[in-house]
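See structure below.
The values are calculated or read from the model by the stated rules, or taken from the named source; none is laboratory data. Please read all numbers here as calculations on a predicted model, not as lab measurements. Cβ placement follows ideal geometry from the backbone for every residue including glycine, while neighbour counts extend to all protein chains displayed. Only protein heavy atoms, including side chains, enter the accessible area calculation; ligands, DNA and RNA are left aside. Shrake-Rupley method; radii C 1.70, N 1.55, O 1.52, S 1.80 Å.
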Amino acid sequence: AHRADARPAVALGPVLLEVPMLGSPMPDVCGIEMCNALASHGALGVLHRFQSIDAQVSELRQVLQRGGPVAAAVGSTGDYRERFDRLHDAGCRVVCIDTANGAHVQVADAITWMRSRDADIFVIAGNVASAEGFRWLEEAGADAIRVGIAGGSVCETRNETGVFVPTPHAVAEVAGVRRSALIIGDSGVRHPADLCKLIALGADCVMVGSVLAGTYEAPGRVIVIDGKKYKIMRGAASFSVQQEYGDDDPEYIEGAETMVAYKGSVAGVMRRYLAGLRSSMSYMNARSLDEYRQNVSVLRLR
């Protein structure tokens, strides 16, 4: 009867997402204010790992004190064990193993070790872009898997390595083999239609970066150039992020640094994406995401 009847909720482990969106664990996307804002709108922020353990733990505690859900990112090498333990002790129950190539033995080893520390921890892993990689990570114990490689607006992997799979194709492929792990469509979401398409193709939720990087709540200052407002957005493997993370002279750069238009409060972004998804669901006579996927037809335009 009305698009408001559509409820695109999904359970991500202990967190019920009223809006199936996650904020990417990037330095210029998810900090304290962003995680609080996303939680207030029924989404989930993932605190980035490109900072000291003390700083990340402090941010986690501040978000949890506000009563909202939050996840935190760790790596699969280096200080990830200490970082995980400290975050877990502070109350983190959704952890994201944040790597460019999730189909890697180090990621599987990290999942096994985390399970030994807490069998009930909800583990997000990735990224992968094939059915084989997805099934491998699923069997390794990942609860949710980020699907998509080289489609992000500040990702240079495609240009530097030749490795790239369009995210819609990757999501559709892994949806055909998924047994239990949730599918997180990650990279290339720039408009509400992109969210709708990935959900329709089988994703349970999506992860966004550039969509949020230009908002007031994103870390960093607003910059004015020729009368227009911008914010800086950097890929995780960009020159300056690697420098800040301890590498004074990075030898290999796989992330770009750019400016994104300032968008005001994240509330406007979330309203737009939720309205777009609900409207798309209403076109498909769907009250839930399961009904949406059942009712939708996907056409390939040549």
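Using the structure shown, decide if Thr112 is in a loop (DSSP other than H, G, I, E, B) and among the hydroxyl-bearing types (Ser, Thr, Tyr). So Thr112 fails the test.
Number of residues in region 92-110 that are open to solvent by 80 Å² or more (accessible area, probe 1.4 Å) and either in contact with a His (Cβ under 9 Å, 6 or more places away or on another chain) or among the basic types (Lys, Arg) (or both): the value is 1. Checked against the criterion of being farther than 30 Å from Gln62 by Cα and either at pLDDT below 95 or not in a helix (DSSP H, G or I) (or both), the candidates Ala119, Ala170, Ala125, Ala103 yield just one match: Ala103. Applying a threshold of 9 Å to beta carbon distances and a minimum spacing of six or more residues, or different chains, the list of pairs starting in region 273-290 at a residue that is more than 18 Å from Gly202 (Cβ to Cβ) and ending at one that is among the β-branched types (Val, Ile, Thr) and assigned to a helix (DSSP H, G or I) reads Tyr273/Val211.
The strands (runs of 3 or more DSSP E) found wholly in region 191-238 and carrying at least 3 residues that are aliphatic (A, V, I, L, M) and at pLDDT 90 or above occupy 205-208. Among the residues of region 111-146 satisfying the criterion of being open to solvent by less than 30 Å² (accessible area, probe 1.4 Å) and of a type in the set (Val, Ile, Thr), which is farthest from Ala73 (Cα to Cα)? Taking the candidates together, the pick is Val128. Inside region 4-36, residues that are surrounded by 24 or more Cβ atoms within 10 Å (Cβ to Cβ), of a type in the set (Gly, Ala, Ser) and in contact with a Phe, Trp or Tyr (Cβ under 7 Å, 6 or more places away or on another chain) make up a count of 0.
Annotation: of all residues in region 248-274 being assigned to a strand (DSSP E or B) and open to solvent by 30 Å² or more (accessible area, probe 1.4 Å), the one that is modelled with the highest pLDDT is Ala261.
So that you can scan it fast, the table gives a plain yes or no per residue for (1) over 15 Å from the mean Cα position of the chain (by Cα); (2) crowded, with 18+ Cβ neighbours inside 10 Å; (3) closer than 25 Å to Asp109 by Cα; (4) among the basic types (Lys, Arg):
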| position | (1), (2), (3), (4) |
| --- | --- |
| Ser52 | yes, no, yes, no |
| Val70 | no, yes, yes, no |
| Leu87 | yes, yes, yes, no |
| Ala90 | yes, no, yes, no |
